[in-house]
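The values are calculated or read from the model by the stated rules, or taken from the named source; none is laboratory data. Computed from a prediction, not measured in an experiment: that's the story for all the values here. Backbone-built Cβ (ideal geometry, glycine too); neighbour counts: all protein chains shown.
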Amino acid sequence: MAREMIPVYLFTGFLESGKTRFIQESMENKKFNSGDKTLLLVCEEGIEEYDPTRFWGQNVYFEQIEDEEELNEANLMKIASKHLLDRIIIEYNGMWPLEKLYAAMPKDWAIFQQMFFVDSNTFLSYNSNMRSLVFDKLRDAEMVIFNRADSDKVDREMFHKIVRGANRSSNIIYDYPDGRFEYDEIEDPLPFDKEAPIIEIADDDYALWYRDLSEDMEAYIGKTVKFKGIVARSPALPENMFIIGRGIMSCCADDIEYSGLACRMPSKTSLKDGDWVTVVAKVCFENCCVYKQKGPVLAGEKTIFAVKPEREIVTFY
């Protein structure tokens, strides 16, 4: 018999970003805390403290994880076994990578909701100095809440761009000091025309296009695209095939990955490993040895030797 899954509400963010206040207010709300047996797992100690006497329901059990090394499956199972639980709330340490938590979670824990809390006054500084940790928290967040937002000082275009560079689907909310909440409603038009006879991808837009192709493959099948990329050859490929792509950096230099597509020309090609070319090709979806399954294959119409772009590595932002 399958074990019943325990829903996990995951609250991430850096120190003093507003996580504790939000959880405290949620636990005071009868609609959220009507008596479910709740484990509140706190992974960092901030200035603000919880006041459980103000919680609406009182079936709340506090547990503390003070060190990242305590974040392992055996320890989490031990903590959970102390209580009969309906749900788990985790206030996560912003300096710990989420992969550590994901790997440690018992098999009957399932993340039900994930929120990332941000102090608007320090966000750009964190993003400049600790981009990998910011990206780590943004990537899976269903909601990003910018606290202490001053409508006259917050660069909403920049905040939006940074969030969308990591996550295209999260809701973005601004929490103003006067108690107002406001949703970000900035539209995200693609920087290329998907309905054009030839979809031309600018050098700096390859990452956005590659992701959009991955997420909306059907919209591209049969369409003709034109873009610049670096060639990768392999003896395992037929002489008329090669890979063309770009290096994409998601958040930092450590995660740069060559992201390419199989390209099939009408006849044998003399292109070499490392050549920069502009390719014009029709997007097909078919079985391919490169993917070992069906995937996007470019039916090349022509290739033109190209000058290496000013930025060899592209990003999502």
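Here are some notes:
- Taken together, the criteria place Leu208 among residues that are in contact with a Pro (Cβ under 8 Å, 6 or more places away or on another chain), closer than 18 Å to Gly229 by Cβ, modelled with pLDDT under 95 and outside the structural domain of Phe22 (by TED's automatic domain parsing).
- Residues considered: Leu10, Leu39, Leu15. Of these, the only one that is touching a His at 6+ places or on another chain (Cβ under 8 Å) and either farther than 18 Å from Phe116 by Cβ or not polar (S, T, N, Q) (or both) is Leu39.
- Of everything in the stretch 40-67 that is under 28 Å from the mean Cα position of the chain (by Cα) and without any contact (Cβ under 8 Å) to a residue 40 or more places away in the chain, the residue that is farthest from His83 (Cα to Cα) is Gly46.
- Wholly enclosed strands (runs of 3 or more DSSP E) of the stretch 52-138 bearing at least 3 residues buried (at least 19 other Cβ atoms within 10 Å of the Cβ), modelled with pLDDT of 95 or more and of a type in the set (Ser, Thr, Tyr): none
- Options Lys268, Lys228; residue that is surrounded by fewer than 17 Cβ atoms within 10 Å (Cβ to Cβ), more than 30 Å from Lys137 (Cβ to Cβ), of a type outside the set (A, V, I, L, M, F, W, C) and in contact (Cβ under 8 Å) with a residue 12 or more places away in the chain: Lys268
- Among the residues of the stretch 1-43, the ones that are buried (at least 21 other Cβ atoms within 10 Å of the Cβ) and among the aromatic types (Phe, Trp, Tyr) come to 2 in all.
- Within the stretch 140-152, the set of residues being charged (D, E, K, R) and either free of Cβ contacts under 8 Å to residues at least 60 places away in the same chain or crowded, with 23+ Cβ neighbours inside 10 Å (or both) comprises Asp140, Glu142, Asp150, Asp152.
- Filter result for Asp108 (over 25 Å from Asp216 (Cα atoms), free of Cβ contacts under 8 Å to residues at least 12 places away in the same chain, among the acidic types (Asp, Glu) and assigned by TED's automatic domain parsing to the domain that holds Ser34): no
- Qualifying residue in the stretch 105-113 (condition: closer than 22 Å to Phe181 by Cβ and not charged (D, E, K, R)): yes
- Test: residue in the stretch 242-263 that is touching a residue at least 24 places away in the same chain (Cβ under 8 Å), part of a strand (DSSP E or B) and hydroxyl-bearing (Ser, Thr, Tyr): yes
- Residue in the stretch 248-265 that is of a type in the set (Lys, Arg), outside the structural domain of Ser128 (by TED's automatic domain parsing), crowded, with 18+ Cβ neighbours inside 10 Å and at pLDDT 95 or above present: yes
- Residues located in the stretch 164-196, provided they are in a strand (DSSP E or B) and either in contact with a helix residue (DSSP H, G or I) (Cβ under 8 Å, 6 or more places away or on another chain) or within 18 Å of Tyr317 (Cα to Cα) (or both): Asn171, Ile172, Tyr174
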